[in-house]
Structure formats: structure tokens, C-alpha cells
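Report on the following structure.
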């Protein structure tokens, strides 16, 4: 091993990336996982599925890099060229790799599929290549060393790449002494914007310790805050920074690592042996879907109602016709009756209800697109709140489904303080 | 102008992209806008904010490309290096550019801000550079020609880039006659794998016309098949290929462009003035969520039921206790009663019902994880089918929700032929 950092480069291939049809998130994933292992990516090159171009790029890169991750082009179709290119650059023929054939056979058998020629193409690997296991997909990864450069070829399908990266990063980290003291704490938050969070931290901590790198990753609906240190000696500083963040953002922190709001809510329900139901209008089943995506959700979630029309709000949830006539479907009284109706129909312990105007149509001067009423609580206490969150339909549904789960999380934890987004998103 | 396509390359800079903290969507935006103007991007390179690396990359690229779009590094901070690098590569000094200064003064005045030194750095451009207007941000773009290569430097802030790209793409298109004949047909399919589709095409059309580029984009749940031609003269060949695909895949084609299954189902319902309801167990609200993500879905979708537990299947949908006891929740009789119950409760015209074992737990020898029963139909006819689709929980839910929508699409269209995935995914 050298002491200098490894020169790691990425070669991404795919016409769909070059055309802009697909946004490449794979290279960010690789950089993140490598970063967590203390390894930096030096350069990345992206080209379409073109033999001459790919070959020139890989040849050139292999003379400069210590390690190349090739991503994409492992599939069964004629525009999947990676094995062919690597063989050409290494100056070896393609040959059927028994381990890859066995993997394909198992993969097809498990799915009751016939192994066809197109699939079998995926077992033709450069002579001398080593198989890298793909626990999810049909195409195995493979690697070989050309000159002094190690080349690892990985699949373009994001979840297959993700599954393969863990072991690769771990193995590299074990050989990268600079990575050994590295430690990252990731905190999941909901209801904070990146620039707001940055401003609050800057105001509160003018002299942020330089040894603790602060990072943000804004997603929808959650935002991650990351505290990275490069040396084990800085763990105290990292812990101190974490306490500072907990002090500043407190109840906006959902949990550590990859914790999702739905996971946290189900965890809190499980601790109480309790169950939750949902009555959704504008979020249209998304809260239920977020909950049921979590393995084991059946313990805490038995019933959800998507009640889009007024007639269904009445017949399925027992919302009063007069309440609808007097207040409209997007109103405090209706959303409260939806929550109570769902509790009664499902015999669940807790309920979330949402009714709003997701757009693009349906807004009025009094209730513009983005207006929503939320209700949450139990048989004894139903709380309600109106917000205005005027973003596009899909984002509106995502943020409001998450807000419903967040209010349930706060209710279960007994947090009475209002989240920041209540003030930011309140109706005028 | 040459007749060969322009060799267009992108150079992206930014530590936040290299670390994976930010996913680069700018290069997709550039490629899309250029694609619409008939221009392809040939290659892109991404590096961090490092003087030596950026300079080497830009020098090398300028000897090969006709046009380089540099993105990022125009801001006011010390890690914004683009102007300095371009000056070095062109062999000219940086100098204050009056038009850039004027832009900054106006920008600051409009916002009641003081023009400071950090901002003024943004007016230091390579001698001889031409300003490219930035209608949104403080940093102007700029361009110059080095050797035979035209280099345009653009801001990394996405909405500033977007505002600048329109005029650039329009000007390039006006000088790119080769782009005028470009045409792309995209077909959305469900139930075909990439390798199956490729195999079927290879078998049926051994001599695929080289002027019609065939591309696949496998997503979950849909797969896109793309037919691209570079010249208007090849439109007949493109049309012919399209007819071939329609002959081969027929009822697996959902529609053109970006058509989603849920959109197509809602469209068919609208044509009939009819409505649909859902009764979901293992898909947990995902079908409802896919439907309600589409604007205007309230016309055809009023009610959805997520009935996860047996008790709720009985109380909410009226499934018979005896049917559950005799067959278990994942059974033909239960899923039929779920569909009928949902039709009755919602007064909808059509229903989809799903009950299955999403995993990772809950499988048995007789009904392993991935087993599912689907029901679809109307008051007169309920059809049912069992499939085994053993993939991870999230993908299972996505594919089965889509399969439910696909069966409803086929039912509404009166397609009796079984889709390919029925044979591939059948229970043993």
C-alpha cells in the first residue's frame, strides 16, 4: 500500500445518462460509500454506450488511476458493452465464466424464468476476471487488474449497485489506513430546510471545529445532517457537535442513520402495543404506503382509508353531510370527523387524517392550492392544524404525508412544542 | 459549419458533486435542452475544485471538442476557479469586465445589498471573454474560443443554469442543421424485462436497420423502449420499426412518451365516465397512491381501502370469516370477496384487489414470500390470478401495484390475451 491517497476514478456508461433521460445518482452513491470508508473519488468520466469511446476512455484512465469503478453496461442487451470493453483493454478474450453461469441459473430458477441467450450474454466475462457477487440482480459484477490499475465493473441498476458497494467499500477501507479513524454520524430530520439549518448553526456556533465536517443532504421529505471526522482522536469533538445539533434542532431529529419517519412511528407504536389508522384525502394513500413499505408494519397498521370524494367521506368514514356542506371538505371539522370515523371503523388506537388541495386545479381565493388540514390523535384527543404548502402535486403529497407521520411521532412522544414548519407554512 | 455532429463535451466542477453530497442534475438538464435542439453530448468529465486538475482537464478537452460547456465554479468564494482556469488555458490574464461589473451593480442595487469584494471577484473574467447574461444570479456566464474550441462557462446553481441554457441551445440549434431531422419515439411498456424484449426483437428482426437506434430503459415498474433517428429521411424506417414493436409486444405497450399505467387507467375510466376502487393488503395503499399522484384523479377514483389484517378485511370489506378461515388471507376467494366488498362499499364501477406476502417474513412452504392473489373486474365479472414474484419488499409492492393497474387497463380495453408475466411468474 502507498501512503498517498488512492487515485480512484469512476467511468460511467449509458446513453440514458448522456441524453439526460436519467439523472445519474449512482456516482453520488459510490462517492458517499467510499467517503464513509475514508476514500475520495478523484475524477469521473461519463460517456454513452459507444465501443470506441468507452475503450479509449478506459485505456487512458487505467494508465493514471489506482482503482477504477466502471458503472453500467452489465445488462443483457446489445448496448451493454462493459465486459467487451474491459476484455479489449486487458487484451484478453471474453469467455463463459462458470460462476456467472451458476449465478444466472439460480437467479432464473428462483424466479421461474427460462435462461435465454440474452441472459447468457451476462456470463461472458473477460478471461481472468473475478466475479463480484450481485445479491439482487441477474448480472454479476467482475474485476481484474490491468497494468497497475484495479478495475471493478458494477451494475447500473441502483439497488444492485448499492448491495454490491458495501463489501467493496469495506474491503478497500481495510486496506486504506487513512480511513481507519473515520467516523460519520448521520441524523435524520424533518421540517428543516438546508439554508435555515445552516444559518441556525452559523449563528449559534461561530467557531465550528474544523475537524468535524458538517454536511447536509436535503431530500424529500427528510433532510440528513452529517458529522464526519477523519481521525478517531476527534470523537469527543464529534460528540460535542452532535449534542449542539440536538440542542438546536431537538424534536426535529427523527433518528440516526437511515431512520424513516414511518419506521419511527411504527417503532413507537410497537413499544406501546398500539395501532394506527389513516384517513387520507389529498395524500391519496401515500401515508399508508409509507407505513406498509416498512417490514413488519402489519403489527401496528391494520387499516387505511382513502376517501377522495365527499360521498365516500360520508359513507365510509361517517363524516356528517352537514359538516361538509357548512365547511367544505378541506376544513378543521371535516378532518376531525375523518380521524374519528377512521378510529371507529378500524378500532385502532391512533389516527392521522389529511384533507387538502394538492392541485394543480381545485384552488379558490380563500383556499388556494397547497391548503391542507391535518388531524392526529387518539379517541380522547384529536389535534388539528391548517398549513399552506404550495409546491407541485407530487412534492405536496410527499411533504404532507410526512407531516402527518411527524405529528403522530410528536404525539406519541408527548412533544408539545410546535415544529418550525408550522410557523413557516401557516395560512395567512 | 461542418456536416459531422458537433463534438460537445461537459466539464463539471464541484467538491460537493465529487463527495456525493450533491447529485448532479445539471448535466442531465444540459443534455435534455441540447437534445431538444438536436444536439448530442458526447462525453462529460467531473472533477473537484482543484486548480491543477481542472486546468489539465480543460486543456485536454479543448484539443478534442468543438464545444465545451463548463458548469460550476462561477461563485464568489475561493473555491470558485472557473475564470482563473479558462484564463490560464487561453493564455490570457484576468481583467475586470465592465459588463460584468454593471450586472453586479444592478443585481446588488435591486436587492439593497452592498457590492463587496467577494462579489466583485465575479467580474474578473479572462481577457477577450464575452459575457453570457445571467437573468437570475449575481455571476454572469462567459465564453471564449480557445484554438478551434468554443468554451461556454455556466453557473452551477440549477435555476440560473436553466435560465441561461434556453438562449444557448436556441443559438446552437440555429447553426446545427443536422439536428433538424432528429426524432425520438418512446414507448412505455409493463411486464417485459430488458433481456426478454431484446431477445424477442433479435429473434424476430435479425437485420435491425442501423439508422434506427434502439434503446431500453428498465425502470420499476415500467420499461421504456426508445427508437431514435438522426435524420428526417429515416422517418419511414422509424415508423416501420415502431409497427414491428407493436406487433411483437402489442398489449404490453401502455402508451407513448411518459405515459404511466395509472394515467392510462384513469384515461380509460374518464372515457367511460366510470370510477375505480381499490382493496389493498400487501401493496398497502400504493395502488391508491399511484392513482392519486395523477392530477385530476378525483374524477375516476373516489375510494380506496387498505385492509391489512383479517379483522379489517371482515369489518371494512365484508369478507366472510369462514372464507378467511378456510383459505387464508392470501387466496382466490378472499381476494374476490375483497374486490366485491370494495365495489359495494364505494359504489365504484370497477375494482382491483390484492392480497399477498410481501416479506421478508410471513412465507410458508405452500405460500412462499412473493405469493400474491390479484382480483380485478366489475360487478358482473371478477377475474383472479395467482402469481409468485419473489423480490425485495419495496420492489414487490411496486410491481404488484402496477400489475393490478395493468390488469385493470387490459380489462377496460377488452384484452383477453394473458400478459407474458403471467406465464413467467406463475405459482408452481
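The values are calculated or read from the model by the stated rules, or taken from the named source; none is laboratory data. Predicted model, so just to flag it, every value in this text is computed and none were measured. So basically every Cβ, Gly included, is an ideal-geometry build from the backbone, and we count neighbours across all protein chains shown.
If you go through the stretch B:104-132 and keep only what is closer than 21 Å to residue B:152 by Cα and within 36 Å of the chain's Cα centre (by Cα), you end up with B:122, B:130, B:131, B:132. In the stretch B:315-327, of all residues being more than 9 Å from chain A (Cβ to nearest Cβ) and in contact with a strand residue (DSSP E or B) (Cβ under 9 Å, 6 or more places away or on another chain), the one that is nearest to residue A:300 (Cα to Cα) corresponds to B:317. Taking the stated definitions as given, is residue B:75 within 31 Å of the chain's Cα centre (by Cα) and more than 30 Å from residue A:39 (Cα to Cα)? Taking the combined requirement at face value, the residue does not satisfy it.
Determine if the stretch A:300-309 includes at least one residue that is buried (at least 20 other Cβ atoms within 10 Å of the Cβ), within 14 Å of chain B (Cβ to nearest Cβ), closer than 20 Å to residue A:354 by Cα and modelled with pLDDT under 95. Scanning the stretch A:300-309, I find at least one residue that is buried (at least 20 other Cβ atoms within 10 Å of the Cβ), within 14 Å of chain B (Cβ to nearest Cβ), closer than 20 Å to residue A:354 by Cα and modelled with pLDDT under 95, so the answer is yes. There is at least one residue in the stretch A:244-261 that is out of contact with any helix residue (DSSP H, G or I) (no Cβ under 9 Å at 6 or more places or on another chain), part of a helix (DSSP H, G or I) and not assigned by TED's automatic domain parsing to the domain that holds residue A:334. Filtering the stretch B:324-353 to residues that are more than 14 Å from residue B:307 (Cβ to Cβ) and in contact with a helix residue (DSSP H, G or I) (Cβ under 6 Å, 6 or more places away or on another chain) leaves B:327, B:333. Restricting the stretch A:119-131 to residues that are in contact with a strand residue (DSSP E or B) (Cβ under 7 Å, 6 or more places away or on another chain) and touching a residue at least 40 places away in the same chain (Cβ under 8 Å), the residue that is surrounded by the fewest Cβ atoms within 10 Å (Cβ to Cβ) is A:127. In the stretch B:177-190, the residue that is modelled with the highest pLDDT out of those that are more than 13 Å from every other protein chain (Cβ to nearest Cβ) and not in a strand (DSSP E or B) is B:181.
Scanning the stretch B:358-395 for residues that are at pLDDT 95 or above and within 19 Å of residue B:285 (Cα to Cα) yields B:371, B:372, B:373, B:374, B:375, B:376, B:377.
So that you can scan it fast, the table gives a plain yes or no per residue for (1) surrounded by fewer than 16 Cβ atoms within 10 Å (Cβ to Cβ); (2) more than 28 Å from the chain's Cα centre (by Cα); (3) within 9 Å of another protein chain (Cβ to nearest Cβ); (4) without any contact (Cβ under 8 Å) to a residue 24 or more places away in the chain:
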site: B:11; (1), (2), (3), (4): no, no, no, no
site: B:20; (1), (2), (3), (4): no, no, yes, yes
site: B:24; (1), (2), (3), (4): no, no, yes, yes
site: B:28; (1), (2), (3), (4): no, no, yes, yes
site: B:71; (1), (2), (3), (4): no, no, no, no
site: B:81; (1), (2), (3), (4): no, yes, no, no
site: B:92; (1), (2), (3), (4): no, yes, no, no
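Restricted to the stretch A:272-294, and to residues that are assigned to a loop (DSSP other than H, G, I, E, B) and under 19 Å from residue A:409 (Cβ atoms), which residue is nearest to the other protein chains (Cβ to nearest Cβ)? Here the residue is A:293. State all residues of the stretch A:132-159 that are farther than 17 Å from residue A:8 by Cβ and touching a strand residue (DSSP E or B) at 6+ places or on another chain (Cβ under 8 Å); if no residue qualifies, say none. Selection gives A:133, A:134, A:140, A:142, A:155, A:156, A:157. Within the set B:166, B:156, the sole residue that is in a loop (DSSP other than H, G, I, E, B) and within 28 Å of residue B:58 (Cβ to Cβ) turns out to be B:156.
Filtering the stretch B:36-69 to residues that are in contact with a strand residue (DSSP E or B) (Cβ under 8 Å, 6 or more places away or on another chain), in a helix (DSSP H, G or I) and touching a residue at least 40 places away in the same chain (Cβ under 8 Å) leaves B:54, B:57, B:58, B:61, B:62, B:63, B:64. Does at least one position in the stretch B:79-102 carry a residue that is assigned by TED's automatic domain parsing to the domain that holds residue B:149, at pLDDT 90 or above and on the phi > 0 side of the Ramachandran plot? Looking through the stretch B:79-102, at least one residue is assigned by TED's automatic domain parsing to the domain that holds residue B:149, at pLDDT 90 or above and on the phi > 0 side of the Ramachandran plot.
For the stretch B:270-283, the set of residues classified as under 19 Å from residue B:350 (Cα atoms) and in contact with a strand residue (DSSP E or B) (Cβ under 6 Å, 6 or more places away or on another chain) consists of B:275, B:276, B:277, B:278, B:279, B:280, B:281, B:283, listed by residue number.
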